[in-house]
Amino acid sequence: MVQPSSTPPPNPQQIQQFLSSVLSQRGPSALPYSEDTKWLIRQQLVSLISNYPSLEPKTATFTHNDGRSVNLLQADGTIPMPFQGVTYNIPIIIWLMESYPRYAPAVYVNPTRDMIIKRPHPHVSPSGLVSIPYLHNWIYPSSNLVDLVLHLSSAFSRDPPLYSQRRPNPNPRVAATAAAAGYPPSPYGRVQHPQHSQARPTSTDDAAEVYKRNAMNKLVEMVHGDIIGMRKAREVEMEGMFSAQAVLRRREEEINKGLKEMQDEKEALEQQLQVVLMNADVLDSWIRDNEGKIKNLGKKNNNVDVDEAIHCVDVLSKQVLDSTAADLAIEDVVYSLDKAVQDGVVPFDQYLRNVRLLSREQFFHRATASKVKEAQMQAQVANMAARISH
């Protein structure tokens, strides 16, 4: 399924140049990683190769279950697995998927022809896919490839995922020990023996060492779980703070909107106040101008003529006054006709004929008054505009 397309040289400087080259490609040959995470991918791969030189970064074609093929980065090689005082090399492939590093990579055990995968295994499927808690609890950007290999080595040391197929062994003592452990020595890579001890450790020492190692691994997993729990709790708190911040921003917008509406209303009221004050000044001027005339008229004759008491200031005002007076007079005549027809003084057909004529005349006077008032309003608006500008 996997065909490597290129293999970088083992020199660390050349490996860094290789990663910089493949991650900086553009166009159809570009790797499908987000631009803002490529620097972190390069940093994690360089750190991985520095800690585990047996792994090599490559680019290869990965085929998804739906048949899609995509060119991805991978780390191919072996990782150390201490087991019963002996360090074995487990062949693996770490695929950096398209969503890496925001999501965990895909790890496969890559057995050679003389190896088989243990069935069943708690962390390795029959196809070689690895599933450990560190992959399930992957947290961006703190999770990294170096810690992943440490957790893989720890998990495999507790339960090795591979068996060597049966073959002749020239050393019966090593074969008997491996058979008793249920995991024959791996033919893949070299076997590293402990350097601090020349004699083979006893079963008691092995059990104590295994217990100590298991206790340390358990402690590491507990601490890691606590860290994940604390991180999730902090994330929940941060989400709550972000929500509160959004609510405060929305309230701030509402307050600013209400303040702007109040300011607009204040400006409108101030404009209305100016109009009222101007009208009050006009009325005061008119009263001052006509107050003396009323007093003089009262001294000459106590019986004031209504028609002479009020004088129109212009032709439009006189026209409005005449039209309004005629309208009201016609209204009184119609009322009198209603009373007369109810009393039987006026015949009904004559009542209808008179009302029709009066209504037509009344409509004419009302239309005239309406047009004159409209013209007066326009003149008043123009006059106020001139005063405000002055």
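The values are calculated or read from the model by the stated rules, or taken from the named source; none is laboratory data. This one's a predicted model, so the numbers in the text were calculated from it and none came from an experiment. Ideal geometry is used to build each Cβ from the backbone, glycine not excepted, and the neighbour counts take in all protein chains shown. Keep in mind that these areas ignore ligands, DNA and RNA; they rest on the heavy atoms of the full protein, side chains included. Shrake-Rupley method; radii C 1.70, N 1.55, O 1.52, S 1.80 Å.
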task: Take the residues in the stretch 107-118 that are in contact (Cβ under 8 Å) with a residue 40 or more places away in the chain and not in a loop (DSSP other than H, G, I, E, B), then tell me which one is nearest to the chain's Cα centre (by Cα).
output: V107
message: Is it the case, given these coordinates, that Y183 is assigned by the TED database to the domain that holds L55, aromatic (F, W, Y) and either at pLDDT below 85 or open to solvent by 70 Å² or more (accessible area, probe 1.4 Å) (or both)?
response: no
- prompt: Here is a list of conditions, (1) closer than 19 Å to S54 by Cβ; (2) open to solvent by less than 10 Å² (accessible area, probe 1.4 Å); (3) under 41 Å from the mean Cα position of the chain (by Cα), and I93 meets all of them except one; can you say which number that is?
  reply: (2)
- prompt: Which of the residues belonging to the stretch 358-375 are touching a residue at least 12 places away in the same chain (Cβ under 8 Å) and open to solvent by 60 Å² or more (accessible area, probe 1.4 Å)?
  reply: E361, R366, K373
task: Evaluate the stretch 212-234: report whether one residue or more is over 30 Å from I139 (Cβ atoms) and either touching a strand residue (DSSP E or B) at 6+ places or on another chain (Cβ under 8 Å) or open to solvent by less than 90 Å² (accessible area, probe 1.4 Å) (or both).
output: no
message: Looking only at the stretch 61-76, how many residues end up being assigned to a strand (DSSP E or B) and surrounded by fewer than 19 Cβ atoms within 10 Å (Cβ to Cβ)?
response: 5
- prompt: Restricting to the stretch 69-111, what's the tally of residues that are touching a helix residue (DSSP H, G or I) at 6+ places or on another chain (Cβ under 7 Å) and either polar (S, T, N, Q) or not assigned by the TED database to the domain that holds L152 (or both)?
  reply: 1
- prompt: Taking into account only those residues within the stretch 119-141 that are touching a residue at least 60 places away in the same chain (Cβ under 8 Å) and more than 20 Å from L55 (Cα to Cα), which is least open to solvent (accessible area, probe 1.4 Å)?
  reply: I139
- prompt: Does V149 count as part of a helix (DSSP H, G or I) and either surrounded by 15 or more Cβ atoms within 10 Å (Cβ to Cβ) or at pLDDT 90 or above (or both)?
  reply: yes
